[in-house]
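The values are calculated or read from the model by the stated rules, or taken from the named source; none is laboratory data. Model, not experiment: these values are computed from the prediction. We place every Cβ from the backbone using ideal geometry, glycine too, and count neighbours over all the protein chains shown.
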Amino acid sequence: MSNSTTVPHPLASSADLVTPLPDFTSATYKDAYSRINGIVIEGEQEAHDNYQALARLLPEQAENLVQLARMEMKHKRGFQACGRNLKVEPDMDFAKRFFEPLRNNFQVARGEGKVATCLLIQAILIEAFSIAAYHIYIPVADPFARKVTEGVVKDEYLHLNYGQEWLKAHFDQVKEEIMAANKANLPLIKTMLDEVEKDAGQLQMEKESLIEDFLIGYQEALSDVGFTTRELIRMSAQGLS
Ligand code: PL3
Ligand code: FE2
Ligand code: FE2
């Protein structure tokens with residue numbers, strides 16, 4: 001009996017090599033979390049607003065798009081609960097500034113009735129960015145936030161897929177527009193990643209993993225839409241190189 005508790009399990013040593021989870025109660029963690037939590041809450045709110053706007057641009061798709069917008073509100077409430085659970089006040093002013101350039105570009109495209117640009121920004125770029133971030137966050141999250149994020153990330157795949165299917169169905173008409181939208185907006189994602197790098201590091205999320213995960217998802221989506229490998233490499237080089 002005493003033997004079985006003192007002799008180390010053959011796999012115990014590999015567990016020792018795993019980095020421990022961050023201290024979710026430390027002041028440095030909570031300070032970084034106030035900005036990251038603000039970003040995801042604001043991101044979910046803006047995703048809601050963007051799908052509502054798209055529903056008005058594409059009346060025949062309104063039912064689907066309003067449904068996506070509803071899911072975004074649920075995500076927002078989930079992440080608000082994550083902040084409350086850790087007793088963190090989300091920094092919403094920081095988060096609004098964080099999204100400003102991307103939000104402006106979406107609004108200009110929306111004013112010009114450029115549906116493909118709006119879909120590229122919201123349903124491809126932002127969704128691929130959120131999927132990468134949520135993926136990397138899940139293994140280092142507190143147990144409550146992990147559950148919430150696991151539920152959210154499943155929905156984000158549906159959103160990415162929605163944009164993918166629409167752009168694919170209209171590929172010949174929107175190919176040039178997507179390329180221009182990529183050129184104007186992919187660099188903004190790079191800037192956003194740079195801005196969040198330090199805080200994400202406090203949460204044990206690595207920038208390299210975020211970029212890698214994002215680029216894989218983004219390129220897979222655009223490949224399904226209809227772009228060739230050569231076009232995808234050129235498009236990625238315009239932003240994240
Ligand atoms: C669309 O459905 C959601 C849009 C949210 C955008 C999220 C961007 C995430 C940025 C960075 C960082 C870390 C994530 C941590 C997760 C709680
Ligand atoms: Fe969402
Ligand atoms: Fe989404």
Would you call ARG97 within 16 Å of ligand 3 (Cβ to nearest atom) and of a type in the set (D, E, K, R)?
no
Any pair with Cβ under 8 angstrom, 6 or more apart, that starts in the stretch 209-236 at a residue that is at negative phi and touching a residue at least 60 places away in the same chain (Cβ under 8 Å) and ends at one that is aromatic (Phe, Trp, Tyr) and crowded, with 18+ Cβ neighbours inside 10 Å
PHE214/PHE129
Matching residues, the stretch 127-170, being of a type in the set (Lys, Arg), within 12 Å of ligand 1 (Cβ to nearest atom) and over 25 Å from LYS198 (Cα atoms)
LYS154
Any idea which residue in the stretch 21-65 is farthest from ARG103 (Cα to Cα), counting only those that are of a type in the set (Asp, Glu) and under 23 Å from the mean Cα position of the chain (by Cα)?
ASP31
Could you list, ordered by first residue, the pairs with Cβ atoms under 6 Å in which the first is in the stretch 32-46 and more than 19 Å from HIS159 (Cα to Cα) and the second is of a type outside the set (D, E, K, R) and part of a helix (DSSP H, G or I), at least 6 apart or interchain?
ALA32/GLN202; ARG35/PHE94; ASN37/GLY83; GLY38/MET92; GLY38/PHE94; GLY38/ALA95
Meets criteria (within 16 Å of ligand 3 (Cβ to nearest atom), modelled with pLDDT of 95 or more and crowded, with 18+ Cβ neighbours inside 10 Å) for LEU158:
no
Specify which of the listed residues (ALA55, ALA69, ALA62) is without any contact (Cβ under 8 Å) to a residue 40 or more places away in the chain, touching a Leu at 6+ places or on another chain (Cβ under 7 Å) and aliphatic (A, V, I, L, M).
ALA55
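Let's see how each residue does on (1) basic (Lys, Arg); (2) in a helix (DSSP H, G or I):
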{"site": "GLN67", "(1), (2)": "no, yes"}
{"site": "LYS74", "(1), (2)": "yes, yes"}
{"site": "GLY78", "(1), (2)": "no, yes"}
{"site": "ARG110", "(1), (2)": "yes, yes"}
{"site": "GLY113", "(1), (2)": "no, no"}
{"site": "LEU125", "(1), (2)": "no, yes"}
{"site": "ALA128", "(1), (2)": "no, yes"}
{"site": "ILE136", "(1), (2)": "no, yes"}
Of all residues in the stretch 37-53, which are within 13 Å of ligand 1 (Cβ to nearest atom) and either outside any helix (DSSP H, G or I) or of a type in the set (A, V, I, L, M, F, W, C) (or both)?
ILE39, VAL40, ILE41, ALA47
Mind listing just one residue for me: the one in the stretch 52-81 that is of a type in the set (D, E, K, R) and under 18 Å from CYS118 (Cβ atoms) and, of those, farthest from ligand 2 (Cβ to nearest atom)?
GLU60
In this structure, is SER209 assigned to a helix (DSSP H, G or I), polar (S, T, N, Q) and within 16 Å of ligand 3 (Cβ to nearest atom)?
no
